[in-house]
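Student: This is the structure I want to talk about, given as C-alpha cells.
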Amino acid sequence: MAHHTHAADHGAAHGAHHDQPWFIKYFWSTDHKMIAFQYLWTGMLMGLVGAFTAYVFRMQLAFPGQPVPGWGVVSPGEYNSLITTHGSIMVFWVAMPVLIAAFGNFLIPLMCGVDDMVFPRLNRLSYQIFLLSAIIIVATLFVDGGAFGGAWTAYPPLSADARFSLTPAGSTMWVIAVALEFVAFLMGGINFIVTAMNSRAPGMKALDVPIVVWTIVIASLLFMASVGPLFAGAVMLLFDQTLGTGFYNPGKGGDPILWQHLFWFFGHPEVYVVLLPAMGIVAEIMAVFARKKLFGYKTILYTIIATAVLSFFVWAHHQFIAGIDPRMANVFTVTTLLISIPIAEMCFLYIATLYGGSIRLATPMLWALSFIATFLLGGVTGIFLGASGADVYFHDTYFVVAHFHYTFFPIAIIGTFAGFTFWFPKMFGRMLDERLGKIHFWGTIIPFNFIFIPLFFTGAAGDHRRIYNYMNFPDQATPELQALRITATVALLVMLAFQAVFFFNIFKTFRSGKKAEKNPWDSNTLEWTADSPPPHGNWAELPTVSRGPYEYGVPGRAKDYWPQNEKA
Amino acid sequence: MIERWVQQASSFAGDVDGLVLLVTVLVGFWFIAAEIMFFWLIFRFRKREGVATQYLSGKEKHVKNWVNIPHYLVLVCDVFIIIAAVQVWVKIKQTLPPADATIRVVGQQWAWTFTQPGPDGLLDTADDIRTSDDLHVEVDKTYHFKLEATDVLHSFSVPVFRLKQDSVPGRTITGWFKPTKAGDFDIQCAEICGIGHGIMAARLHVETAEQHQEWMAQNSPIAEAEAAVSDSTTSE
C-alpha cells in the first residue's frame, strides 16, 4: 500500500523506483528511458507483424494461388487487407515510434544533459495512447470482414463506404487507430520540442546541440504543422463511414479528391518526419566512427530546415494524374525537383565528412554507411516520379514501390539498426556481439537489394500496384517478370531468416554480453558521460557543456576526441 | 528503357520514353559518381595505425568546393529535367488535338465499359457501340476519351500508350490518345478499387481501318436492326 501511495504521489521522484510494484513501474513510469524502451520494443514487435504481412503477400505474388505456410490461400480481399496493414503499420507503428519516439525519448534528455522530459506525465500518456492505437490496428486483422483493404492511403469513396470496401469494421477501426496514433505523437512531439528548446545543460548553445536532436525536433515541428488537416480529414472520413455524411461523396456534394489533398499535405512531410531522425542518427554515428567533425554542421542544419519547409509544397506530386487541374502539375514538378537540392547537399556533406577520417567499420558504422549507399538510390529514383511527364507512366507501378522502399527501408530499418547497435551499450549496459552484428548486417543488406532492384524492373515493365495475381493480365504474365517477382520473394525470405541472428544477439548479450563502459566508442556527446545504463535521473550531478558535439581529431590533443562536458 | 519491356503504341509513348532516358542518364551519372566517391573515401580513409584524422570544419575552401560545385551542377540538371518533364506533360495532359472520334470510358467495380460512336461518328446516338472489357480502336486516329467512374476511384491505364488517368465519381475527365501500332494490349485499373481490383483487366485492340470497319459492322446495333449494311453508310 505504502508503495502505491509513494509511487502515485511521486511519479517523477528519482531514486525510489526500485521498490515500485512491476505494474506501476512499467505502466506508470514517467522515466523518459522507460518510455523510450516501451516505444522501441512495441515498434519492433509491430515490425514483426508488418514483416509477416509482407511475407504472406510476397508469397502470393511469387506463387499465386498456392497456400502460404502460416496463412493459407490468400483471397483477393485478404491480399488487399495485408498490403494495407503492412503499409500502415510500417509507417505509423514502426518508423514513427522507433525513430522519433524511442530515440527521441532516450536521446533528447541525455544529449541535452537533463534528468528527464519537461512533461513526463504527458510523455507517459503519449505511450499509452500509442499502445491502444497499436492494439486496435492489429485487432482489425481479426474482425468480421477483415482488416481495411483500401491501401494505406485510404482514398475515398472506397474507404468511406462499406458497400464498396466490404470491410465495415476494419475501415472504421483503421481510421480510429490512425487518429489515436496522431494524438500520441502530438503529445510526444510537444515534449521533444519544449525539452530541447528550454531544457539544456548550462553552456549548451543552440549550435552545440547534436544533429540528431535537431532532426527530431524539426521532425516533430513538421509533424505538428502537417497533421492538423489530415486529422480533420480523418474525422470527416469517420463521419462518412459511420453517420452517412458526404464529405467525400460527389452524390452528396462532396469531393473524393479533397481527401487526397489532406492526406498528402500530411503524407509528404511525413516522409521527412521519419527521414530526418534517421539522417540524424546516421550523422552521429558517422562522426564517431570516422573520428571526424561533421562537415559543415551549420549547413547540414540549414539543409534540414530547407527540406522541412519545402516539404509543405510538394504534396500534389502524388496526384499528378488524380484528376487535379493539369496545370498544377507543373508547379509541383518544380517544387519536387527543388527539394532534391537540400537533400543532395545533405548527402554530399555526409560523404564529405568521411574525407580525412580514420574510418572504423564497426557494426553501427556499417549500418550508417549502408544508409547513405542505399538511400542515394531511393533519392535519385524519386526524380523519375517527380518529373510529371514520366510519372504518367510510372504512377502506381512497382517502380514507385521500389523507390519508396529504397527510402523507407534505409529510414525505418537501417536507421533503426544503426541507432540500436550504436546506443545499445548505453541503453542496456552491455556490448552486443560484433561478429553476430556483422552477420546480421550482411544478411539484411544484401537480400534487401535483391528484393527491390527486381521491383524497379517489374514496375518499368508495367506491373501496377496492389494486384494479387498478375496472371490476370496477359501482358504482365510473362515468365521473365514472374522470375523477377520470385527473386524478390526469395530474397525477402532470406532477409527475414537473418533477423533471427539479430534477436539471438540481443538474447545472448542480455544473458552473457560483456559489460559496457560509460563511453565504449570514445564519443563526445553527453549521453556517454552517464553510467551505462543511466540511472533514474541520468546523472548524480548534471553535466555542463564547454564545446560543440563533434570535436574529433583536434590538433594538439593527445586524445582524438574531446567530450562536450570536459573543461577546457 | 521502357520499350525494352513494353511496346510503344501511341503518338506520345516515344516522348515519355525519351524523358525517362534523359532522367536516367542525368540521375544515373550523379548516382554512380556519388557511390564511387563514397566507397573510395571509405577505402582511402580506413583506419590505419599512426595516421591521424584531419580536423576540418567544412569551411576550408579546397574541400568546400568538392561539395559546392556538384551542388550547383545538380541544380542545372534539375532545370533540364523540369523543362523536359513539363514539355511531355503539356503534350499529353494539357493539349487536346482535334479528335477523329470520341469515346466514353467508364470504370466501375470491377469492369471497364467502353462506348464508342457507331457509323454516324457521334457519341450518344442510337447506333453507339458499347463493349465491356474490350476496347477496339483504329490505328493512326486521334481519340478523345471521356473518363467517368460510377462508384469508387479507378485509373484508366494503358501501358503501351504510356497513358494513365484516374477516373473520379462525379466527374468527366477528358483526355486523348492516338494509337500508332496495331495489336492487342492490356488495359489496367491502376488505382485500388476493392476486392476485384486484381481482376479489373481489359484488352485493347488496335486495328487497321479495314479490321475496324469489319468489327464495327458486326457490332453496330443499327446494323443488327437493319440486318444489312451498305458500305456507303459507314463512317470514316
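Taken together, the values in this text are just the output of simple stated rules run on the coordinates, not laboratory data. All values reported here derive from a predicted model rather than from experimental measurement. Neighbour counts run over all protein chains shown; Cβ positions are idealised from the backbone, glycine included.
Student: Suppose the chain between A:Met328 and A:Arg435 were pulled fully straight at 0.36 nm per residue; how much longer would it get relative to their current alpha carbon spacing?
Tutor: Details: separation 107, 0.36 × 107 = 38.52 nm, distance 5.28 nm.
33.2 nm is the gain from fully extending A:Met328 to A:Arg435.
Student: Please work out the Cα center distance from the stretch A:395-409 to the stretch B:153-192, rounded to the nearest Å.
Tutor: One Cα centre to the other: 21 Å.
Student: Roughly what would the spin-label model give for A:Asp522 and A:Ala568, points 7 Å off Cα along C-beta, in nm?
Tutor: 2.4
Student: Report, in debye and to the nearest 20, how large the dipole of the protein assembly as shown comes out about its Cα centre when Lys and Arg carry +1 and Asp and Glu carry -1 on their Cβ.
Tutor: Values: 51 positive and 60 negative charges, 876 e Å.
Its charge dipole is roughly 4200 debye.
Student: Next question. Charges at C-beta only: +1 for Lys and Arg, -1 for Asp and Glu. How large is the resulting dipole of the stretch A:229-320 about its Cα centre, in Debye rounded to 20? Mind dumping the intermediate values first?
Tutor: Values: 5 positive and 4 negative charges, 112 e Å.
Result for the stretch A:229-320 is approximately 540 debye, rounded to the nearest 20.
Student: Moving on to the next point. Calculated FRET efficiency, B:Thr172 and A:Met224, Cβ-Cβ r, R0 45 Å, to nearest 0.05?
Tutor: Values: r = 39 Å, r/R0 = 0.87.
That gives a FRET efficiency of 0.70.
Student: Give me, ordered by chain and number, the residues 5 or more places off A:Trp562 or on other chains with an amide H under 5 Å from its own placed amide H.
Tutor: Counting only residues 5 or more places away or on other chains, the set is A:Glu551.
Student: OK, next. Using alpha-carbon positions, what is the distance between the centroids of the stretch A:442-508 and the stretch B:62-78, in Å?
Tutor: 35
Student: Can I ask one more? Which one, B:Val105, B:Leu26, A:Thr478, is farthest towards the positive end of the dipole of the protein assembly as shown when Lys and Arg carry +1 and Asp and Glu -1 on their Cβ?
Tutor: B:Leu26
Student: Tell me, how many Å apart are the Cα centres for the stretch A:533-568 and for the stretch A:248-278?
Tutor: Cα centres, the stretch A:533-568 to the stretch A:248-278: 43 Å.
Student: Take the Cβ-Cβ distance between B:Thr115 and A:Thr245 as r, set R0 to 30 Å, and report the resulting FRET efficiency rounded to the nearest 0.05.
Tutor: On the way: r = 33 Å, r/R0 = 1.09.
Efficiency, from the Cβ-Cβ distance: 0.35.
Student: With each run of n ≥ 4 DSSP H residues scored as -39500 (n - 2.57), what mean residue ellipticity at 222 nm is computed for chain A after dividing by its residue count and rounding to the nearest 500 deg cm²/dmol?
Tutor: Details: 19 runs with 348 residues, N = 568.
Rounded to the nearest 500, it is -21000 deg cm²/dmol.
Student: Need one number: convex hull volume per residue for the stretch A:12-113, Cα atoms only, in Å³.
Tutor: Working: hull volume 11.9 nm³, N = 102.
Cα convex hull per residue, to the nearest whole number: 117 Å³.
Student: Which FRET efficiency value, to the nearest 0.05, do you get for A:Met471 and B:Asn68 by plugging their Cβ-Cβ distance into 1/(1 + (r/R0)^6) with R0 = 51 Å? It would help to have the intermediate numbers written out before the result.
Tutor: On the way: r = 52 Å, r/R0 = 1.03.
Calculated transfer efficiency: 0.45.
Student: Using a 10 Å cut-off around each Cβ of peptide A:150-161, what is the average number of partner chain Cβ atoms that fall inside? Provide the component values of the computation, followed by the final result.
Tutor: On the way: counts 6, 3, 0, 2, 1, 6, 3, 8, 10, 2, 1, 2.
Mean inter-chain Cβ contacts per residue within 10 Å come to 4.
Student: Further, regarding this structure: Over the whole of B:163-174, what's the average partner chain Cβ count within 10 Å per residue? Rounded to a whole number, please.
Tutor: Details: counts 3, 10, 7, 12, 1, 9, 9, 10, 5, 0, 4, 0.
Partner Cβ neighbours, averaged per residue: 6.
Student: Averaged across the residues of B:198-210, what count of C-beta atoms belonging to other chains lies within 10 Å of each residue's C-beta? Walk me through the numbers on the way to the answer.
Tutor: Values: counts 13, 6, 3, 7, 1, 3, 1, 0, 0, 0, 0, 0, 0.
Average neighbour count from other chains, rounded to a whole number: 3.
Student: To continue, here is another question. Check the straight Cα-Cα distances from B:Lys141 and name the lysines below 30 Å, setting aside those fewer than 8 residues away within the same chain.
Tutor: B:Lys91, B:Lys93, B:Lys164, B:Lys178, B:Lys181
Student: Net charge near B:Gln94: determine it from the other residues with C-beta under 11 Å of the C-beta of B:Gln94, scoring Lys and Arg +1 and Asp and Glu -1.
Tutor: Values: positive: A:Arg327, B:Lys91, B:Lys93; negative: A:Asp325.
In short, +2.
Student: Describe numerically, in nm with one decimal, the distance between label points set 7 Å from Cα along Cα→Cβ at B:Phe80 and at A:Phe142.
Tutor: 5.7
Student: Let me ask something else. Filter A:Lys508/A:Lys559; A:Lys426/B:Lys64; A:Lys508/A:Lys567; A:Lys25/A:Lys515 down to the pairs with a C-alpha to C-alpha distance above 30 Å, please.
Tutor: On the way: A:Lys508/A:Lys559 33 Å; A:Lys426/B:Lys64 35 Å; A:Lys508/A:Lys567 39 Å; A:Lys25/A:Lys515 24 Å.
Going by Cα-Cα distance, A:Lys508/A:Lys559; A:Lys426/B:Lys64; A:Lys508/A:Lys567 fall outside the 30 Å limit.
Student: Hey, what angle do you get for helix B:61-89 against the long axis of chain B, alpha-carbon based, 0 to 90 degrees rounded to 10?
Tutor: 10
Student: If you fit an axis through the alpha-carbon atoms of helix A:363-386 and take the longest principal axis of the Cα set of chain A, what angle between them do you get, 0 to 90°, nearest 10?
Tutor: Once rounded, one gets 40 degrees.
Student: Mind pulling the angle between the C-alpha long axis of helix B:13-44 and the longest principal axis of chain B? Nearest 10 degrees, somewhere in 0 to 90.
Tutor: Approximately 20 degrees, to the nearest ten.
Student: Between A:Thr544 and A:Glu480, what length comes free when the chain is fully extended (0.36 nm per residue of separation minus the Cα-Cα distance, one decimal in nm)?
Tutor: Numbers: separation 64, 0.36 × 64 = 23.04 nm, distance 6.25 nm.
That pair, A:Thr544 and A:Glu480, stretches by 16.8 nm at full extension.
Student: Rounded to the nearest 5, what % of DSSP beta bridges with both residues in chain B are antiparallel? Intermediate values should be presented prior to the final figure.
Tutor: Values: 27 of 40 bridges.
In chain B, approximately 70 percent of DSSP beta bridges are antiparallel ones.
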